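Single-structure report; data block below.
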2 protein chains.
Amino acid sequence: MIQSFLLIGQSNMAGRGFIHDVPPIINERIQMLRNGRWQMMTEPIHYDRPVAGISLAGSFADAWCRKNQEDMIGFIPCAEGGSTLDEWAPDQTLFQHAIMEAKFAMQTSKLTGILWHQGESDSMNGNYKVYYNKLLSIMDAFRKELNAPDIPLIIGGLGDFLGKDGFGKGCTEYTFINQQLQKFALEQDNCFFVTAAGLTSNPDGIHMDAISQRKFGFRYFEAFSNKQHVMEPLTNEDELLNLISSRTYSKAEMIYMKIMDLSLGKISYEEFQLQLVQINKE
Amino acid sequence: MIQSFLLIGQSNMAGRGFIHDVPPIINERIQMLRNGRWQMMTEPIHYDRPVAGISLAGSFADAWCRKNQEDMIGFIPCAEGGSTLDEWAPDQTLFQHAIMEAKFAMQTSKLTGILWHQGESDSMNGNYKVYYNKLLSIMDAFRKELNAPDIPLIIGGLGDFLGKDGFGKGCTEYTFINQQLQKFALEQDNCFFVTAAGLTSNPDGIHMDAISQRKFGFRYFEAFSNKQHVMEPLTNEDELLNLISSRTYSKAEMIYMKIMDLSLGKISYEEFQLQLVQINKE
């Protein structure tokens, strides 16, 4: 059975880390939802924007797979770049579309967690004053609609690179949003906070870079796995990053990558056939 | 109002043309559905596979925009690589997911046409013998569920590169499928056939290359626009291709492309700001 996770929030949940900045995660036990069905994950998992890239989900799954040697993990990608908290209200399209995607996923998986990251678009105009109650009504509605009253909810903080440069400059009240997110996780049942301390951004000043997304994913998994808040960076983040690079691919994964190379025109059909023979020999 | 088109079928509807083989189509009057909402189109429109690329929809929209100077066009991408006709039966996930996506789209657009391309996965084992009746029940169900009994349905033929090399080699009965598709379009109301004659494939022997997808899109639009079958390549396909390259971008489109460059790390925030000043001066 696939254990599935609903991914909701704005761009740093969707992921904007540059694809070529980190080694790929190719693992046949990690799946993503497409057209209501499961397929092997390739990053980007989201497709909310043409610039979608590395998100925290990839390394979350990588860590999950090391802890769970048997099952599969699957992602339901529903985050939307730039979305405000109000756009996630239960009567809005993003909420309703996410519910619908989750219901397709739940026909063939067990919904196991909700990962949320949002707040940049609300880090201004005093929006933090009403953030808590709005978030509460949204999360109550998700749990109710998905018939999952106790499902773990992991929510991450906003990066300290905000409020300074580029597109992040306008997020002047991000520390107040962080206070609300933390308070929410501390007070609500089955809800865990994950710090973004130490994480860094792309040149645009608002999107977490690829390495930071990998680290953030490890932290999200730590919170999910231990059912406790992660208030400091993990001490073994570099070690966990090395484990990604050093993993040995299965035959199915190697063939998957060769088919991708062929389909993208990187190798000819003759080269593809030769490489397939080689893989099957090993 | 957006005039929307539902895109269904298998990989050559989703599009596998290599992105860098053709000039991009960036046009603020062309939209695509993401998370149940509209945004400006960037190719690939589909996200059914990590290898999605240029499809026929881009040039269909380009031609549509020249004919319709006022409205916007929007795509609902629901094709799924490798899918068989049976996987599109009304009780299957692909059908039900496409209906759901279309219903989100119809909240904010007028559903104006259905574009279908499928058959490679049924070009074997005598599947052509039952193709017509199965396709009929699927299309009847789409029109009924979408409450659009007379909506134009455009169906394209399979490429003559099939049955020869690579992944297309097994499609030995593609000419029989083509006969069924053509017969279907000739006999059914508001249904028009589009030939794939002269179109060519990627090195994988099954996916139409980018230029062919552009030409195919022009043919699909000709069929839709004139409400008649397109049984021969258009005589002005090269001219239409030139019109794409020679189009002048609007300010909004130029800014869109610069934001994409910044978000993908191709330019720094300082370069982005300078280029924005330049665009706004023009």
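The values are calculated or read from the model by the stated rules, or taken from the named source; none is laboratory data. This is a predicted model, so every value here is computed, not measured. Counting neighbours? That spans all protein chains shown, and the Cβs are built from the backbone with ideal geometry, glycine included. Only protein heavy atoms, including side chains, enter the accessible area calculation; ligands, DNA and RNA are left aside. Shrake-Rupley method; radii C 1.70, N 1.55, O 1.52, S 1.80 Å.
Data table
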{"quantity": "Pair list, Cβ < 6 Å and 6+ apart or interchain, from the range A:88-102 residues that are open to solvent by 10 Å² or more (accessible area, probe 1.4 Å) to residues that are at pLDDT 95 or above and assigned to a helix (DSSP H, G or I)", "calculated": "A:Pro90/A:Ala141; A:Ile99/A:Glu145; A:Met100/B:Met100"}
{"quantity": "Members of the range B:190-219 that are assigned to a strand (DSSP E or B), more than 15 Å from the chain's Cα centre (by Cα) and under 30 Å from A:Ser268 (Cα atoms)", "calculated": "B:Ser201"}
{"quantity": "The range A:105-118, subset open to solvent by less than 10 Å² (accessible area, probe 1.4 Å) and among the aliphatic types (A, V, I, L, M), residue farthest from A:Gln182 (Cα to Cα)", "calculated": "A:Ala105"}
{"quantity": "Only listed residue being touching a Ser or Thr at 6+ places or on another chain (Cβ under 6 Å) and surrounded by 18 or more Cβ atoms within 10 Å (Cβ to Cβ), chosen from A:Ser59, A:Ser121, A:Ser83, A:Ser55", "calculated": "A:Ser121"}
{"quantity": "All positions within the range B:165-215 that are among the acidic types (Asp, Glu) and in contact with a Gly (Cβ under 9 Å, 6 or more places away or on another chain)", "calculated": "B:Asp165, B:Glu173, B:Asp204, B:Asp209"}
{"quantity": "Tally of residues being open to solvent by 30 Å² or more (accessible area, probe 1.4 Å), small (Gly, Ala, Ser) and within 14 Å of chain A (Cβ to nearest Cβ) across the range B:128-166", "calculated": "0"}
{"quantity": "Any chance A:Lys169 is of a type outside the set (S, T, N, Q), farther than 30 Å from B:Asp261 by Cβ and open to solvent by 20 Å² or more (accessible area, probe 1.4 Å)", "calculated": "no"}
{"quantity": "Residue that is surrounded by fewer than 17 Cβ atoms within 10 Å (Cβ to Cβ) and either touching a Leu at 6+ places or on another chain (Cβ under 7 Å) or part of a helix (DSSP H, G or I) (or both), where the choices are A:Glu232, A:Glu222, A:Glu271", "calculated": "A:Glu271"}
{"quantity": "Selection from the range B:53-111 of residues that are within 9 Å of chain A (Cβ to nearest Cβ) and among the hydrophobic types (A, V, I, L, M, F, W, C)", "calculated": "B:Cys78, B:Ala79, B:Leu94, B:Ala98, B:Met100, B:Phe104"}
{"quantity": "Failed criterion for B:Trp38 (all others in (1) without any contact (Cβ under 8 Å) to a residue 60 or more places away in the chain; (2) open to solvent by 10 Å² or more (accessible area, probe 1.4 Å); (3) under 19 Å from A:Ala14 (Cα atoms); (4) more than 8 Å from every other protein chain (Cβ to nearest Cβ) hold)", "calculated": "(1)"}
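Residue-wise test of (1) acidic (Asp, Glu); (2) under 22 Å from B:Gly113 (Cα atoms); (3) open to solvent by 70 Å² or more (accessible area, probe 1.4 Å).
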| residue | (1), (2), (3) |
| --- | --- |
| B:Asn178 | no, yes, no |
| B:Gln182 | no, yes, no |
| B:Glu187 | yes, yes, yes |
| B:Asp204 | yes, no, no |
| B:Asp209 | yes, no, no |
| B:Lys215 | no, yes, no |
| B:Thr248 | no, no, yes |
| B:Met260 | no, no, no |
| B:Ser263 | no, no, no |
